[in-house]
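Peer 1: Quick one: the structure is below, questions incoming.
The values are calculated or read from the model by the stated rules, or taken from the named source; none is laboratory data. This one's a predicted model, so the numbers in the text were calculated from it and none came from an experiment. Note that each Cβ is placed from the backbone with ideal geometry, even for glycine, and that neighbours are counted across all protein chains shown.
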Amino acid sequence: MSNLETRPTEQVCAVGEPVADVEVLEARDVPLGGPRAMTVRRTIPQRRRSLVGAWCFSDHYGPDDVSGTAGMQVPPHPHIGLQTVSWLFAGEILHRDSVGSRQVVLPGELNLMTAGRGISHSEETPAPQPGRDRPGVLHGVQLWTVLPADARDGAPHFEHHGDLPVATADGARVQVFLGSLIVGGTTLRSPARTYTPLVGAQLDLEPGARVVLDVEPGFEHGLLVDTGDVTLEGVPVPPATLGYVAPGRAALVVVAGDAPVRAILLGGEPFTEDVVMWWNFVARDHDEIVAARHAWAAQVDERDDGATGYAPGAEDRRFGRVEGYATGPLRAPVLPDVRLRPRSRP
């Protein structure tokens, strides 16, 4: 799912001050899509630290009971300048986009969408089908990475990867979905395309397990904890928080308590370009955000009954058209009445 906030705030992305050990970032609850919205726990971006490498957005949701509801329903909406990374612990999500993709993602599989200069997509819990049970629980993370200058205006595209590398060591199971990681002497490398040096992996630890991860010393890292009591470099990182470690370490030690642990490891080279985020757009300055919002608003017709539809010729415009979703596209929120300011990394 993407950012459905009706009043999105400016996100001026910067690294924050260096830390000596592990900085624990608390999540904030964000309702997406109105009073009956799905609530997510967002750890980045935030004022204290809005980037971990090129990772610029981390929403953690569930486990949510969707057995008697429509589940996730995210109408067509636009993106620029980023990759969306959909990763599930339980359930399933159907992705549709304006380059013609239609793909269900399941736990342990990766849906990766590269927005480039502009794309639109929808996400939904698939409707029940005759003779097929629909999973009753939805649980996972939605992540974004910033595209660097040489890739952010490229052609949009979509990838699905259902066979990702896995290794076990010292009571831990590690599955890498982006980048690469050395686990127990084995290099795990995802086939997914990335544009900056980074890593994304799911860690599952047995009770009492202690695993040493060989990591790139030039990377900064974040450990987003889903379940269990865990320490990162000896510092407790509670569930739904993210433990941040600055560059300079060749290994990270993760230790589970008395219960199984599930966590997501994010890492990458510090991203040094200016970044400003607003709604579903990642850009470098205010004018780029304004132009993207204007382009999307021109593709959306607002009807007298409050519903939306596509303007004539939308399929040939910047964000294209998503086919097959039950309702029309999302309206663009109103821009703030101040100029959005990018900020360089210190």
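Conditions tested, residue by residue: (1) crowded, with 22+ Cβ neighbours inside 10 Å; (2) under 22 Å from the mean Cα position of the chain (by Cα); (3) closer than 30 Å to Ala209 by Cα.
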site: Pro239; (1), (2), (3): no, yes, yes
site: Leu252; (1), (2), (3): no, no, yes
site: Pro270; (1), (2), (3): no, yes, yes
site: Gly328; (1), (2), (3): no, no, no
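Peer 1: Assess whether Glu216 counts as being in contact (Cβ under 8 Å) with a residue 60 or more places away in the chain, closer than 20 Å to Ala169 by Cβ and either hydrophobic (A, V, I, L, M, F, W, C) or touching a strand residue (DSSP E or B) at 6+ places or on another chain (Cβ under 9 Å) (or both). Walk me through how you get there before you give the answer.
Peer 2: Working: in contact (Cβ under 8 Å) with a residue 60 or more places away in the chain: no; closer than 20 Å to Ala169 by Cβ: yes; either hydrophobic (A, V, I, L, M, F, W, C) or touching a strand residue (DSSP E or B) at 6+ places or on another chain (Cβ under 9 Å) (or both): yes.
In short, no.
Peer 1: Identify, by number, the condition in (1) touching a residue at least 24 places away in the same chain (Cβ under 8 Å); (2) farther than 29 Å from Gly324 by Cα that Val166 doesn't meet.
Peer 2: Evaluating Val166 over (1) touching a residue at least 24 places away in the same chain (Cβ under 8 Å); (2) farther than 29 Å from Gly324 by Cα leaves (1) as the failure.
Peer 1: Quick one: which residue in Pro8, Pro31 is of a type outside the set (Val, Ile, Thr), modelled with pLDDT of 80 or more, within 17 Å of the chain's Cα centre (by Cα) and over 22 Å from Val237 (Cα atoms)? Step through it out loud before you land on a result.
Peer 2: Details: Pro8 fails: modelled with pLDDT of 80 or more.
That would be Pro31, the only listed residue that is of a type outside the set (Val, Ile, Thr), modelled with pLDDT of 80 or more, within 17 Å of the chain's Cα centre (by Cα) and over 22 Å from Val237 (Cα atoms).
Peer 1: Go through segment 35-68 and give me each residue that's under 19 Å from Pro135 (Cβ atoms), touching a residue at least 40 places away in the same chain (Cβ under 8 Å) and out of contact with any Lys or Arg (no Cβ under 6 Å at 6 or more places or on another chain). Steps first, please.
Peer 2: Here is the first cut: in segment 35-68, the residues under 19 Å from Pro135 (Cβ atoms) are 38, 40, 60-68.
If we keep only those that are touching a residue at least 40 places away in the same chain (Cβ under 8 Å) too, we end up with 40, 60-67.
Result: Val40, Tyr61, Gly62, Pro63, Asp64, Asp65, Val66, Ser67.
Peer 1: For segment 272-304, name all the residues that are among the aliphatic types (A, V, I, L, M), in contact with a Phe, Trp or Tyr (Cβ under 8 Å, 6 or more places away or on another chain), crowded, with 19+ Cβ neighbours inside 10 Å and over 21 Å from His60 (Cα atoms). Explain how you work it out, then say what you get.
Peer 2: Going residue by residue through segment 272-304, those that are among the aliphatic types (A, V, I, L, M) are 275-277, 282-283, 289-292, 295, 297-298, 300.
Among the residues that remain, those that are also in contact with a Phe, Trp or Tyr (Cβ under 8 Å, 6 or more places away or on another chain) are: 277, 282, 289, 292, 295, 300.
Then keep just the ones that are crowded, with 19+ Cβ neighbours inside 10 Å; that gives 277, 282, 289, 292, 300.
Across segment 272-304, the qualifying residues are Ile289, Ala292, Val300.
Peer 1: Counting only residues that are touching a Leu at 6+ places or on another chain (Cβ under 8 Å), give me the strands (runs of 3 or more DSSP E) lying completely in segment 237-285 with at least 3 of them.
Peer 2: Working: elements: 242-245, 251-256, 261-268, 276-278, 281-283.
Of the strands (runs of 3 or more DSSP E) lying wholly inside segment 237-285, those with at least 3 residues that are touching a Leu at 6+ places or on another chain (Cβ under 8 Å) span 242-245, 251-256, 261-268.
Peer 1: Right, something else. Take segment 221-236 and flag every residue that is assigned to a strand (DSSP E or B), in contact with a Gly (Cβ under 6 Å, 6 or more places away or on another chain) and of a type outside the set (A, V, I, L, M).
Peer 2: So in segment 221-236, the residues assigned to a strand (DSSP E or B) come out as 221-227, 230-232, 235-236.
So of that shortlist, the ones also in contact with a Gly (Cβ under 6 Å, 6 or more places away or on another chain) come out as 221, 223, 232.
Answer for segment 221-236, where residues must be assigned to a strand (DSSP E or B), in contact with a Gly (Cβ under 6 Å, 6 or more places away or on another chain) and of a type outside the set (A, V, I, L, M): just His221.
Peer 1: Give the residue that is nearest to Ala155 (Cα to Cα), with candidates limited to residues of segment 312-325 that are surrounded by fewer than 14 Cβ atoms within 10 Å (Cβ to Cβ) and free of Cβ contacts under 8 Å to residues at least 60 places away in the same chain.
Peer 2: Asp316
Peer 1: Which of the residues that make up segment 199-229 are closer than 24 Å to Arg42 by Cβ and either β-branched (Val, Ile, Thr) or touching a Cys at 6+ places or on another chain (Cβ under 6 Å) (or both)?
Peer 2: Val199, Val225, Thr227
Peer 1: Another question, then. Can Ala192 be described as of a type in the set (Gly, Ala, Ser), in a loop (DSSP other than H, G, I, E, B), in contact with a Leu (Cβ under 7 Å, 6 or more places away or on another chain) and buried (at least 17 other Cβ atoms within 10 Å of the Cβ)? Working first, answer last.
Peer 2: Details: of a type in the set (Gly, Ala, Ser): yes; in a loop (DSSP other than H, G, I, E, B): yes; in contact with a Leu (Cβ under 7 Å, 6 or more places away or on another chain): yes; buried (at least 17 other Cβ atoms within 10 Å of the Cβ): yes.
Considered against the rule, which asks whether it is of a type in the set (Gly, Ala, Ser), in a loop (DSSP other than H, G, I, E, B), in contact with a Leu (Cβ under 7 Å, 6 or more places away or on another chain) and buried (at least 17 other Cβ atoms within 10 Å of the Cβ), Ala192 comes out as yes.
Peer 1: Quick check: anything in segment 137-157 surrounded by fewer than 19 Cβ atoms within 10 Å (Cβ to Cβ) and under 30 Å from Pro239 (Cα atoms)?
Peer 2: yes
Peer 1: A further question on this structure: What residue, among those in segment 195-223 that are crowded, with 19+ Cβ neighbours inside 10 Å and over 23 Å from Pro148 (Cβ atoms), is farthest from the chain's Cα centre (by Cα)?
Peer 2: Ala209
Peer 1: Please work out which residue is surrounded by the fewest Cβ atoms within 10 Å (Cβ to Cβ), limiting yourself to segment 258-268 and to residues that are more than 17 Å from Ala149 (Cβ to Cβ) and touching a Phe, Trp or Tyr at 6+ places or on another chain (Cβ under 9 Å). Explain how you work it out, then say what you get.
Peer 2: Here is the first cut: in segment 258-268, the ones more than 17 Å from Ala149 (Cβ to Cβ) are 258-267.
Adding the requirement that they be touching a Phe, Trp or Tyr at 6+ places or on another chain (Cβ under 9 Å) leaves 262, 264, 266-267.
Working: Arg262: 19, Ile264: 22, Leu266: 30, Gly267: 28.
Across segment 258-268, the extreme among qualifying residues is Arg262.
Peer 1: Follow-up. Looking only at segment 224-237, which residues are hydrophobic (A, V, I, L, M, F, W, C) and surrounded by fewer than 20 Cβ atoms within 10 Å (Cβ to Cβ)?
Peer 2: Hit for segment 224-237 is Val235, nothing else.
Peer 1: I want to confirm something. Restricting to segment 143-189 and keeping residues that are touching a Phe, Trp or Tyr at 6+ places or on another chain (Cβ under 7 Å) and not in a loop (DSSP other than H, G, I, E, B), which single residue is farthest from Pro107 (Cα to Cα)?
Peer 2: The qualifying residue farthest from Pro107 (Cα to Cα) is Val146.
Peer 1: Same structure, new question: Right, Val104: touching a residue at least 12 places away in the same chain (Cβ under 8 Å), farther than 28 Å from Leu51 by Cβ and among the β-branched types (Val, Ile, Thr) or not? Spell out how you get there, then give the answer.
Peer 2: Numbers: touching a residue at least 12 places away in the same chain (Cβ under 8 Å): yes; farther than 28 Å from Leu51 by Cβ: yes; among the β-branched types (Val, Ile, Thr): yes.
Judged against the criteria, Val104 is a match.
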